[in-house]
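A.B. asks: Below is one structure. I have some questions about it.
The values are calculated or read from the model by the stated rules, or taken from the named source; none is laboratory data. Quantities reported herein were computed from a predicted structural model and do not represent experimental measurements. Neighbour counts run over all protein chains shown; Cβ positions are idealised from the backbone, glycine included.
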Amino acid sequence: MYSAAAAAASPPRRDFISITLSPEEAVGAGGYNNSKAWRRRSCWRKWKQLSRLQRSVILFLFAFLAVCGVISYTSMGEPWKSVTNKSLDDQRTEPEIPGLKLANPAVLPAPQKADANLGNYPELSPQKPPKLPHVRRGPSNLQIKPSRRDARLKTRHDSSRVVEEVVQADKEEKTEKSVISWRGAVIEPDQSTEPPSIKIKEPEKPSSVEAEDQKEPVPINERQLAVIEAFRHAWKGYKDFAWGHDELKPLSKSYSEWFGLGLTLIDALDTMWILGLKEEFEEARKWVANDLLFDKNVDVNLFESTIRILGGLLSTYHLSGDSLFLEKAKDIGNRLMPAFKTPSKIPYSDVNIGRGTAHPPRWTSDSTVAEVTSIQLEFRELSRLTGDEKFQKAVDEVMKHVHTLSGKNDGLVPMFINTNSGQFTHLGVYTLGARADSYYEYLLKQWIQGGKKENELLEDYMRAIEGVKKHLLQRSQPKKLTFVGELAHGHFSAKMDHLVCFLPGTLALGAHNGLTADHMKLAEALIETCYQMYAQVETGLSPEIVHFNLHAQKGHKDVEIKPADRHNLLRPETVESLFYMYRFTGDKKYQDWGWEILQNFNKYTRVPTGGYTSINNVQNPSNPEPRDKMESFFLGETLKYMFLLFSDDIDLINLDKYVFNTEAHPLPIWVPA
Ligand code: DMJ
C-alpha cells in the first residue's frame, strides 16, 4: 500500500501521482463517500437542465438498447449450447476397427425393425423393444464398486467393515461426481488407446469392501428358491460322500480325484456366497483354511486349475473380503508359474505344483489354443491384487504373441499351438467349440476387464466375429435355426458343440458394452438355437454335440444326435447365455426357458440320496443312463447362472462392475487409470 506519508517523502512527479488511502483515512477525510454523493447530485442537476424533448429522446434510447440487449442474449445462447454439446460428443473417440460401432455411453442397442438387414442370418425373429422395468439404463460403469446386493451380502456375512465401507462409498461418490457432465450424461473418463500399465504399484482391495447403500434387498423369488434347493441337494451329496475331494460320484456314493484339491468345494464357494448359504459357506471356508494345501506332488492342468481354483479363490476373496482366499490364490498362482518357462513362452498344459516343474502332454509339445488364451483374466487380476507384475506379464505376452500369429482365417484360430515354436499347428480346422471356445470369450472379457482400452484384444474379437459370420454361420431345416458349424480344410460341417452356447451370452455382453447392435441380433438368433438343442430332445436336455439338418426331410427335426454324442454333463453354457440375454433384454421367455431346463435336470439327473449326475443318453427318458459323476461346474456355473437368471436384481453381480471368468467366477472390472 502506498501511504500519503510515503507520497510526501517521494520526489515530486509531474506526469503521474498515485495516492492510495486506507479506508479509515478516506472516511476520516470525508473523501470517497462524499465525492460519490456529490457526483450523484451534480448528475441530477444536469438532467433537470435538459429540455423535455431531450429527456424523452434519451429515455427512448435507453429503452431501445435494453430491449436489443435482451433479444441478442437469448439468441446467442442456443448456438453456444449446441457447440458445447457437440464438443462433448466429439470427445468420444471411436477406435478404427471395421464393423465396430462404439455406442457411448454403452447401452442396449436400439430396438431394430423386423425388416432390418439381417446379414448372413436372415429371417430372425424381430427384436422386441426390450421390456426393462427393472433394468437401470445407463452407461457402462467402469468404477469398481460392488453391486448393492454384493455389499448387502457382505454386510450380512461380516459387519465389521461397515465403517470402511462408508468411507469408500463416500470416496466413490466423489469419483462418480467427477465424471458427470453438466447435462447429466456420463462422459467416459479416459479414452486413451494405451493399454493399462503392467507396472502395478499398489495392491488393490477386494471390491466387496468398497460400498454399501440403503436400497432395500430384492426378495428371493420362487424360482430362485428352487435353485437354492437344488444346490443344497447337490451339496448334501458332496458333503456326505465326497467332502474335500474333487468330484462327487452320487450313485456309488463316493468320489473321483482329478487334481486332489477339493475342486467342487472351491468351484462352489462364490455360488454359496451369492445364494446366501452362509452355513455351507462357513463350513467350506474352514476346509480351505485347514485342509487345502497346494504343496503336493501332483500334476494339474494349467487352464482347468486357473479357471476353477485361482478364479474361484479370487472371486470369493472379492465377494467376502476374506484375505484367506487371496493368500490361497497367491499360493496357487505362484505354483502355476513354471508352466510359462517354455522356449516360446506359450505355456505348457501341465504343472506339478509341488515340484515346480511343467510339461506338455506326453504325446505332443502342443498346447490347446483355448487353454493358453483363457487364463488371462485370473492372472491379470492376481497381479492387480498382489502388486506383483509377473503374473500379468506372462499372460499378456501370450496374447500379444497370438495376436501377431499367421494361420488365422478371418480372425478364427486353429485349435493347437506349439510350445517350442510358438506357431499354430494342425492348421485349417476352425471351431467355436472345444479347444478354441474361450479364446474368443476372453478377447472380449479382457478388453472389458481392463477398462476397454486394449484395442488389440477388441480388434481380434471383432475380426473373429466377422470370421464366424463369414465361415461358420448356417441355418438349419425345417425351423431355420441359425447355428455355428465348423470348418475343416474348406469343408463346412453342420456340427455344433453345446460348448458353443457360450457365444450368445458373449455377443450380448459385447453389445451391452457398446459394440454393434448386429451382435445382439446374432445373440438372439443363437440363443434360440441353443434352447432348441434342449427342446427338440426327448428328455428336454441337450446332448454334448448336435448336427443340424441343412435340408428339410420329412419327419426330421433340425437337430440330429449321433450315438457317441448323446451324453449331458450338466454343462452351463446355455443357461449362462440365457442369463445374459435376460439381463440385457428383460424378456421373460429367457427365464422360462431356463426354468424348463432346471426342471429337466431335476427330472433326469437328480440322485435321491444327494447330488446330480451327468447322463449318457438324453434321448431316452425312461433310462437316461446315469454316468455317476457330478462335475464341479454344475455347482460353480450351472446353478449359479440359474440363480442369476431368475433374479430381477441387476445389482446381483452387476455386469458393469464384474466380468465372469469362463468358470462363472465374477472378477471386478478395473477402475480406469
Ligand atoms: C467349464 O470348465 C468352463 O466353462 C470351460 O470354459 C468349458 N467347459 C466347462 C463347462 O462346460
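A.B. asks: Restricted to region 440-465, and to residues that are hydroxyl-bearing (Ser, Thr, Tyr) and farther than 17 Å from His665 by Cα, which residue is nearest to the ligand (Cβ to nearest atom)?
C.D. replies: Tyr440
A.B. asks: Right, next: What are the residues in region 249-290 that are surrounded by fewer than 16 Cβ atoms within 10 Å (Cβ to Cβ), of a type in the set (Gly, Ala, Ser) and touching a residue at least 60 places away in the same chain (Cβ under 8 Å), if any?
C.D. replies: Scanning region 249-290 gives Ser252, Ser256.
A.B. asks: Further, regarding this structure: Among the residues of region 473-494, what is the count of those that are part of a loop (DSSP other than H, G, I, E, B) and of a type in the set (A, V, I, L, M, F, W, C)?
C.D. replies: 2
A.B. asks: Regarding region 380-396, can at least one residue be identified that is within 16 Å of the ligand (Cβ to nearest atom), in contact with a Ser or Thr (Cβ under 8 Å, 6 or more places away or on another chain), part of a helix (DSSP H, G or I) and not hydrophobic (A, V, I, L, M, F, W, C)?
C.D. replies: No, every residue in region 380-396 fails to be within 16 Å of the ligand (Cβ to nearest atom), in contact with a Ser or Thr (Cβ under 8 Å, 6 or more places away or on another chain), part of a helix (DSSP H, G or I) and not hydrophobic (A, V, I, L, M, F, W, C).
A.B. asks: Hey, could you check region 495-531 for residues that are among the charged types (D, E, K, R) and part of a helix (DSSP H, G or I) and say which is surrounded by the fewest Cβ atoms within 10 Å (Cβ to Cβ)? Talk me through it step by step, then tell me what you get.
C.D. replies: Residues of region 495-531 among the charged types (D, E, K, R): 495, 497, 518, 521, 524, 528.
Add one more test, that the residue is part of a helix (DSSP H, G or I), and what stays is 518, 521, 524, 528.
On the way: Asp518: 21, Lys521: 24, Glu524: 25, Glu528: 19.
The qualifying residue surrounded by the fewest Cβ atoms within 10 Å (Cβ to Cβ) is Glu528.
A.B. asks: Which count do you get for residues in region 416-458 that are among the small types (Gly, Ala, Ser) and over 27 Å from Lys341 (Cα atoms)?
C.D. replies: So the answer is 3.
A.B. asks: Hey, Lys554 hits all of (1) in contact with a helix residue (DSSP H, G or I) (Cβ under 8 Å, 6 or more places away or on another chain); (2) of a type in the set (Lys, Arg); (3) assigned to a loop (DSSP other than H, G, I, E, B) but one; which does it fall short on?
C.D. replies: (1)
A.B. asks: Continuing with this model, one more query. What residue, among those in region 298-327 that are away from the ligand (no atom under 16 Å from the Cβ) and among the β-branched types (Val, Ile, Thr), is nearest to Arg355 (Cα to Cα)?
C.D. replies: For region 298-327, the residue satisfying everything is Val298.
A.B. asks: Of (1) farther than 18 Å from His498 by Cα; (2) assigned to a helix (DSSP H, G or I), Asn600 satisfies all except one. Which?
C.D. replies: The single condition Asn600 does not satisfy is (1).
A.B. asks: If we keep just the residues of region 630-657 that are more than 22 Å from Gly433 (Cα to Cα) and touching a strand residue (DSSP E or B) at 6+ places or on another chain (Cβ under 8 Å), which is surrounded by the fewest Cβ atoms within 10 Å (Cβ to Cβ)?
C.D. replies: Among them, the one singled out is Lys657.
A.B. asks: Just one of (1) within 24 Å of the chain's Cα centre (by Cα); (2) surrounded by fewer than 20 Cβ atoms within 10 Å (Cβ to Cβ); (3) farther than 19 Å from Cys501 by Cβ; (4) not aromatic (Phe, Trp, Tyr) trips up Val398, so point out which.
C.D. replies: It fails just one condition, (2).
A.B. asks: Report whether or not Lys589 is of a type in the set (Lys, Arg) and within 25 Å of Lys640 (Cβ to Cβ).
C.D. replies: It is true that Lys589 is of a type in the set (Lys, Arg) and within 25 Å of Lys640 (Cβ to Cβ).
A.B. asks: Still on this structure: Of (1) within 25 Å of Ile309 (Cα to Cα); (2) assigned to a helix (DSSP H, G or I); (3) away from the ligand (no atom under 16 Å from the Cβ), Leu655 satisfies all except one. Which?
C.D. replies: All conditions pass for Leu655, except number (2).
A.B. asks: Determine, yes or no, whether Thr529 is modelled with pLDDT of 95 or more and either within 16 Å of the ligand (Cβ to nearest atom) or farther than 16 Å from Val484 by Cα (or both).
C.D. replies: no
A.B. asks: Taking the condition of being crowded, with 21+ Cβ neighbours inside 10 Å and away from the ligand (no atom under 16 Å from the Cβ), how many residues in region 601-616 meet it?
C.D. replies: Summing the residues that are crowded, with 21+ Cβ neighbours inside 10 Å and away from the ligand (no atom under 16 Å from the Cβ) in region 601-616 gives 3.
A.B. asks: Out of all the residues in region 415-426, is one or more within 22 Å of Leu499 (Cβ to Cβ), among the hydrophobic types (A, V, I, L, M, F, W, C), surrounded by 24 or more Cβ atoms within 10 Å (Cβ to Cβ) and more than 16 Å from the ligand (Cβ to nearest atom)?
C.D. replies: Yes, that holds for at least one residue.
A.B. asks: Kindly indicate which of Asp213, Asp190 is modelled with pLDDT of 50 or more and farther than 22 Å from Leu313 by Cα. Break it down stepwise before answering.
C.D. replies: Details: Asp190 fails: modelled with pLDDT of 50 or more.
Unique residue meeting the criteria: Asp213.
A.B. asks: For the subset of region 350-379 comprising residues that are among the small types (Gly, Ala, Ser) and over 15 Å from Leu457 (Cβ atoms), which member is farthest from the ligand (Cβ to nearest atom)?
C.D. replies: Taking the candidates together, the pick is Gly356.
A.B. asks: Related question: When you check Leu432 against the structure, is it within 16 Å of the ligand (Cβ to nearest atom), buried (at least 22 other Cβ atoms within 10 Å of the Cβ) and assigned to a loop (DSSP other than H, G, I, E, B), yes or no?
C.D. replies: Numbers: within 16 Å of the ligand (Cβ to nearest atom): yes; buried (at least 22 other Cβ atoms within 10 Å of the Cβ): yes; assigned to a loop (DSSP other than H, G, I, E, B): yes.
The answer is yes for Leu432.
A.B. asks: Give me the strands (runs of 3 or more DSSP E) completely within region 280-377, filtered to those with at least 1 residues that are among the hydroxyl-bearing types (Ser, Thr, Tyr), in contact with a strand residue (DSSP E or B) (Cβ under 7 Å, 6 or more places away or on another chain) and under 23 Å from His665 (Cβ atoms), ordered by residue number.
C.D. replies: The strands (runs of 3 or more DSSP E) meeting that bar are 366-368.
A.B. asks: Shifting gears a bit: Search region 488-514 for residues being small (Gly, Ala, Ser) and away from the ligand (no atom under 14 Å from the Cβ), and hand back the single one that is farthest from Glu576 (Cα to Cα).
C.D. replies: Gly490
A.B. asks: Contact list please: Cβ distance under 7 Å, first residue in region 544-556 and over 22 Å from His567 (Cβ atoms), second residue in a strand (DSSP E or B), pairs at least six apart or on different chains.
C.D. replies: Qualifying pairs under 7 Å: Leu550/Gln474.
A.B. asks: Please determine, by comparing only the residues of region 453-468 that are of a type in the set (Asp, Glu) and farther than 11 Å from His403 by Cα, which one is surrounded by the fewest Cβ atoms within 10 Å (Cβ to Cβ).
C.D. replies: Glu466
A.B. asks: Only residues that are part of a loop (DSSP other than H, G, I, E, B) and either surrounded by fewer than 24 Cβ atoms within 10 Å (Cβ to Cβ) or touching a strand residue (DSSP E or B) at 6+ places or on another chain (Cβ under 7 Å) (or both): list them for region 658-673, please.
C.D. replies: Once the filter is applied, which keeps residues that are part of a loop (DSSP other than H, G, I, E, B) and either surrounded by fewer than 24 Cβ atoms within 10 Å (Cβ to Cβ) or touching a strand residue (DSSP E or B) at 6+ places or on another chain (Cβ under 7 Å) (or both), region 658-673 yields Asn661, Ile669, Trp670, Val671, Pro672, Ala673.
A.B. asks: Output the residue which, of all residues in region 557-579 that are within 16 Å of the ligand (Cβ to nearest atom) and in a loop (DSSP other than H, G, I, E, B), is farthest from Asp437 (Cα to Cα).
C.D. replies: Among those that are within 16 Å of the ligand (Cβ to nearest atom) and in a loop (DSSP other than H, G, I, E, B), it is His567.
A.B. asks: While we're looking at this one, here's another question. Looking for whichever is over 24 Å from Ala370 (Cβ atoms), among the hydroxyl-bearing types (Ser, Thr, Tyr) and either within 24 Å of the chain's Cα centre (by Cα) or away from the ligand (no atom under 16 Å from the Cβ) (or both) here; the options are Ser647, Ser632. Which one fits?
C.D. replies: None of the other options fit; the residue is Ser647.
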